[in-house]
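See below for the structure under consideration.
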Amino acid sequence: MIAKVASFIHYHNLIKQNNTIIAAVSGGRDSMAMLYVLYTLKSELKFKLQACHINHGIRGKDADLDEKLIKDECLQLNIPLYTERLYDFNLKSSEDTLRQARYAKFQSILNDNPHAEIATAHHLDDQLETFFMRLAKGSYLKGLTGIPVSRP
């Protein structure tokens, strides 16, 4: 798997030497796997690794346990970690609203780290969900492409 990820990174020119990559980690399997893979690749690809975690505060103790897991893992791996807690959301908040809030926090982190890039992890279910949500909204063909490999 690590070789496949390294090949994907090289093919799409996602990480340049001496970049700072900030892994957006939720505590879920996909983002934790990304964190471990990036940790494994950082010496080979010669980049600096940091992490960030956004706690929306809507899942109570489960969200706090996710945050603790990430803090513990980053401490053990010696990965600098940014954590942000959001307070204006609840279980009725839409996925899109939560995503927009996360991306606003990501942008704030990038503003403080102008030479860094944020890495997010997505799996096939995320791609399918994005496709069907856009299809239901009546998106044109370009909008049905799913989650892009990179964004400006």
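The values are calculated or read from the model by the stated rules, or taken from the named source; none is laboratory data. Predicted model, so just to flag it, every value in this text is computed and none were measured. Here the Cβ positions follow ideal geometry from the backbone for every residue, glycine too, while neighbour counts run over all protein chains shown. Ligands, DNA and RNA are stripped out before the accessible areas are found, and what is left, the full protein with its side chains, is counted by its heavy atoms. Shrake-Rupley method; radii C 1.70, N 1.55, O 1.52, S 1.80 Å.
For the stretch 53-61, the condition holds for no residue, the condition being that it is modelled with pLDDT under 90, open to solvent by 70 Å² or more (accessible area, probe 1.4 Å), over 24 Å from Glu117 (Cβ atoms) and not basic (Lys, Arg). Of the residues making up the stretch 62-84, just one is within 24 Å of His115 (Cα to Cα) and of a type in the set (Lys, Arg), namely Lys71. Filtered by the rule that a residue be assigned to a helix (DSSP H, G or I) and within 14 Å of Ile21 (Cβ to Cβ), the stretch 96-115 gives Phe106, Ile109, Leu110.
Scanning the stretch 28-71 for residues that are among the small types (Gly, Ala, Ser) and in contact with a strand residue (DSSP E or B) (Cβ under 7 Å, 6 or more places away or on another chain) yields Ser31, Ala51, Gly57, Ala63.
When the helices (runs of 4 or more DSSP H) confined to the stretch 1-77 are screened for residues that are in contact with a Phe, Trp or Tyr (Cβ under 9 Å, 6 or more places away or on another chain), those reaching at least 2 such residues are found at 29-45, 61-77.
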